Amino acid sequence: MLIAVLIITLLGIVFGLGLGWAAIRFRVKSDPVVERIDALLPQTQCGQCGYPGCRPYAEAISKEEADINQCPPGGDAGIRALADLLGREPKPLNPENGEEKPKTVVLIDESRCIGCTLCIQACPVDAIVGAAKLMHTVIASECTGCDLCLPPCPVDCIDIIEVETGILRWRRPRPRAGLDLVIVQ
Amino acid sequence: MTFSRQIEIAREAGKRTHHFHGGLRLRHNKKISCQVPVERPPLPDLLAVPLLQHAGDIAGSLVHAGDQVLKGQQIGHCQPCAAIHSPVSGRVEAIENRPISHPSGQPGPCVVIRPDGREQWVELKPIKDWRTASSDSLIAQMQDCGLAGLGGAVFPTHAKALDGRDRQIHTLILNGAECEPYISCDEMLMREQPDKIILGARILRRALGAERVVIAIEDQMGAVQAALTHAADCTDCTNVSVVKVPMIYPEGGERQLIQVLTGLEVPAGGRPTDLGMVCQNVATAAAVADAVAEGKPLIDRYITVTGNGISQPRNFQALFGTRFSHLVESCGGYTDDVARLVVGGPMMGYPVSTDGNPVVKASNCILALTTQDIAEPQPEMPCIRCGECARVCPVTLLPQQLHLQIKSGLWDAVEEYGLAACIECGCCDFVCPSHIPLVEWFRYGKDEQRNRVLESKASELARKRFEDREARLLRIKQERAEKMTRRKQMLKDKAAQQDRIRASIDRAKHKGPGNSDRQTSGKPDDT
């Protein structure tokens, strides 16, 4: 009896130490779920979800502080992907966060720009170049269309334009779904 | 497989019949357009030469409205795609968007030229001594003359040749197997200009450093074999053979043709150069002969105008920029019951809404169909899993699976099931008993996949830029905080400050004015 108790206790201590060591030795530095959620987000860094960027929102989702339907640029497809990953039910986009829109970029009207640098400070992806009291311009290929540069502009010289879809960027439309099968009795 | 084994197999090309998977035997309907010799249509009064002729970028225009151009003068420049030349001498009227043959139906930029009728050529620079010229100079000549594959894909010839020259190539295959019904422009070219094709083949062979040339034609092309064999009967034409292949659609695809000739399969995602072969269309070879031996750039091509909706179907040698309507008029106009105009063949072509579109490098056929030709649109029914589509697929894909995966947006599965290998031949569409527009789905799926790659690249870039910016802001904040603490420290430490002031006064005395006092500014490290 006593021997059995001792053996079990001893085993418990040995395994406990082993597990404790393993917990320190093999610690995962960042939460892999956060990485995977972040990979599904559109990276516009627009903050419409209520968090200062896509990664903070991903962290909030992983801690279950935020819901999965707060990202307007990701749209329905994004919500479905998140629901798939997290094993939850997809739900419609929360209208409080905004609505899904076609992709846009911004354009600075260079004749009106006074060179205040406020938009440069607001841009989350450093897509605006310029210097104090000199003209600024947007690098269109880097602009994510987050529109965060619009509110700080004191002279209202930034316009939203739709991304050009010329003949080279043309994409085939989804084929029309077939007629539903009607069973005539 | 070793290179020597590849050569051995290529040498046997055509002696044994091989097959590719699936395919269809179609009624070919080619004879109707082969009745009269090929002619040039009358010179049109206006030509619109598109600056977008193949996948890639839009060529930059080298001329402006009002400029005089000579026949063969370069008017469009684009790297690495093919150059574009003026098909006539005349005056540039405008550079503007006009209807072109594009699956989107959108207009594209064109150089509009009004011919002056003088047909004055630009100074031509042929390479007369091509037998001794270097491979590089031959390939450069092909690029300068704007050569591109005339089989339909319009891949720039110089790019293909460069890829071939950098690999070890033993065999050049000339593709005369024009398997799609109705199209007969390659057959007519082989009948009428066999010498030019053989000359082009020899030049291409030299440029590639290949040893053999195999010209593949279809077994139904009666007089063609005799013409080509006769043309290939010269002292300089050793190792040029003409091989007949059975006519099964889509044998004109280069991968399918190589499989029929050699029994070897070009690996998915690979190219024929992986097997030591390069495949070119016979019309491209003829264009190479023109470009190198005569210095003439590519400004026209053979084109079939056919179908039951055309009064007298035939082939033309048409200048690029000629409107389809001009060609149709030149062969007697439409019949009364014409219903649809298709660019390309009935299997892979696409309908266009206007006959105002210009002829381009890719235009091998204009097909006018009548109401009887067009099957009544059948309602699409659910897939019944009969497997017919998989049976006829020449690339052994599973079209029914791909269709469902694309429909449900399972893009990882779509990639795994090899959508990228689909050649859009339309065999699966043709046999589907449920009338599912499979190829339409596959084209959509390919576009979607391409877009997903672009989007994920863009979002990756945005993520990186956001993270870098966050890191920079954090660093600046830390640097500020550090600076503040040092300042505070310095103010507290009165004695040290006195020392510092004395030290800087001393230094100023020793070195004179104009020296900065970097050490005392308390600038923090960059970490």
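FYI, it's all coordinate maths here, none of it is from the lab. Only a predicted model underlies this, so the values are computations on that prediction, with no experimental measurement involved. Using ideal geometry, Cβ is built from the backbone for each residue, glycine included, and neighbour counts are taken over all protein chains shown.
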I need every pair where a residue in segment A:157-176 that is part of a helix (DSSP H, G or I) has its Cβ under 7 Å from the Cβ of a residue that is hydroxyl-bearing (Ser, Thr, Tyr), sequence separation at least 6 or different chains. A:Ile167/B:Ser104
Out of segment B:402-419, which residues are more than 28 Å from the chain's Cα centre (by Cα) and in contact (Cβ under 8 Å) with a residue 12 or more places away in the chain? B:Leu404
Report yes if some residue within segment B:331-344 is among the charged types (D, E, K, R) and within 30 Å of B:Ala207 (Cα to Cα); otherwise report no. no
Those residues of segment B:264-291 that are buried (at least 24 other Cβ atoms within 10 Å of the Cβ), touching a Gly at 6+ places or on another chain (Cβ under 8 Å) and in a helix (DSSP H, G or I) come to a total of 7
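Scan segment A:53-87 residue by residue and report those that are part of a loop (DSSP other than H, G, I, E, B) and exposed (fewer than 14 other Cβ atoms within 10 Å of the Cβ). Give the steps one after another, and end with the answer.
Here is the first cut: in segment A:53-87, the ones part of a loop (DSSP other than H, G, I, E, B) are A:53, A:63-74, A:87.
A:Lys63, A:Glu64, A:Glu65, A:Gly87 - these are the residues of segment A:53-87 that are part of a loop (DSSP other than H, G, I, E, B) and exposed (fewer than 14 other Cβ atoms within 10 Å of the Cβ).
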Within segment B:154-250, considering only helices (runs of 4 or more DSSP H) that don't extend past its boundaries, which have at least 1 residues that are farther than 24 Å from B:Gly23 by Cβ and in contact with an Asp or Glu (Cβ under 9 Å, 6 or more places away or on another chain)? B:157-166, B:194-208, B:222-231
Suppose we filter segment A:72-90 for residues that are closer than 23 Å to A:Lys103 by Cβ and basic (Lys, Arg); how many remain? 1
Checked segment B:209-262 for anything basic (Lys, Arg) and out of contact with any His (no Cβ under 7 Å at 6 or more places or on another chain); matches are B:Lys244, B:Arg255
Considering only residues that are more than 28 Å from the chain's Cα centre (by Cα) and on the phi > 0 side of the Ramachandran plot, which ones fall in segment B:374-401? B:Arg385, B:Gly387
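Residue by residue through segment A:93-116, note down the ones that are part of a loop (DSSP other than H, G, I, E, B), within 17 Å of the chain's Cα centre (by Cα) and not aliphatic (A, V, I, L, M).
From segment A:93-116, those part of a loop (DSSP other than H, G, I, E, B) are A:93-94, A:98-103, A:109-116; that's our starting set.
Now restrict to residues that are within 17 Å of the chain's Cα centre (by Cα): A:93-94, A:98-103.
Matches in segment A:93-116: A:Asn94, A:Gly98, A:Glu99, A:Glu100, A:Lys101, A:Pro102, A:Lys103.
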Have a look at A:Val105, A:Val125 and point out the one that is within 14 Å of chain B (Cβ to nearest Cβ) and touching a residue at least 60 places away in the same chain (Cβ under 8 Å). A:Val125
Of the residues in segment B:55-107, those that are in contact (Cβ under 8 Å) with a residue 40 or more places away in the chain, under 17 Å from the mean Cα position of the chain (by Cα) and within 14 Å of chain A (Cβ to nearest Cβ) come to B:Ala55, B:Ile58, B:Cys81, B:Ile100, B:Ser101, B:His102, B:Pro103
